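The structure appears right after this line, and notes come after that.
No value in this document is a laboratory result; all are computed from the given coordinates. As the structure is a computational prediction, the values presented were derived from the model and not from experiment. Neighbour counts run over all protein chains shown; Cβ positions are idealised from the backbone, glycine included.
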Amino acid sequence: MTKECSKCKVDKPHADFHKKKASTDGLSSWCKPCKYEMDTARRRERAARMTDEERDLHNKKKRAHGKLERAVKRGEIDKPEKCEKCNKKHVPREIHGHHHDYDKPLDVEWICRTCHLNEHGGAQTLNCKICNKKFTRQRGQDHKFCSHACYYVTLRGKQEPRKNGEKGGWNARKNT
């Protein structure tokens, strides 16, 4: 089976396209060589915009992250199950090594994703506008509610939750 690349307009076999679940056919619209060419150009453009200080800091961060990752894989450093800030237990992929100094790559604070975002100013703890429950708003989100249910209440107007044995509830029509 073949597919036409939307960039170079050449019919190519499916093996020449990256997988993409969001696409209707499950494949990227650009072939691998076109995608590689675009990615390379984008990286070069971004690198050209970086100042020397930004480039040095970026390289220092990459080296520190790489050294830490290799030390964890070799078993030289144990990754804890609990966050050192909130003391909650998390799965290993949710625990991040936060560097306070990139010149000391193995000296990290093991914190959860939420605490790490808070450390960098990317997450905020807010109170829900409906139920007053605390929740974490991640970077880029414009939520004021802890869940879709509380958001739905604002769209439909406040309704009383159903009492024991009563039919209806949030979706019930009011008898007037």
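Provide Rg and Dmax in Å for the stretch 1-84, with only Cα atoms included in the calculation.
19.8, 54
Would you work out the Kirkwood radius for the stretch 2-47? I mean one over the mean of 1/r across all pairs of different Cα atoms, in Å.
Values: mean 1/r = 0.0905 Å⁻¹.
Across the stretch 2-47, the inverse of the average 1/r is 11.1 Å.
Arranged by the count of other C-beta atoms within 10 angstrom, fewest first, what order do Cys5, Cys86 take?
Cys86, Cys5
What net charge do the residues around Val72 carry, taking every other residue with its C-beta under 13 Å from that of Val72, with Lys and Arg at +1 and Asp and Glu at -1?
My count for the surroundings of Val72 gives +3.
Please give the length that would be gained between Glu94 and His18 if that part of the chain were fully extended, namely 0.36 nm times their separation in residues minus their C-alpha to C-alpha distance (nm, one decimal).
My answer for the length gained is 24.6 nm.
How big is the stretch 50-119 by the Kirkwood estimate over distinct Cα pairs, in Å?
Hydrodynamic radius (Kirkwood, Cα only) of the stretch 50-119 equals 12.8 Å.
Could you check the spin-label model distance between Lys7 and Thr51? Points 7 Å from the Cα along Cα→Cβ, value in nm.
3.2 nm
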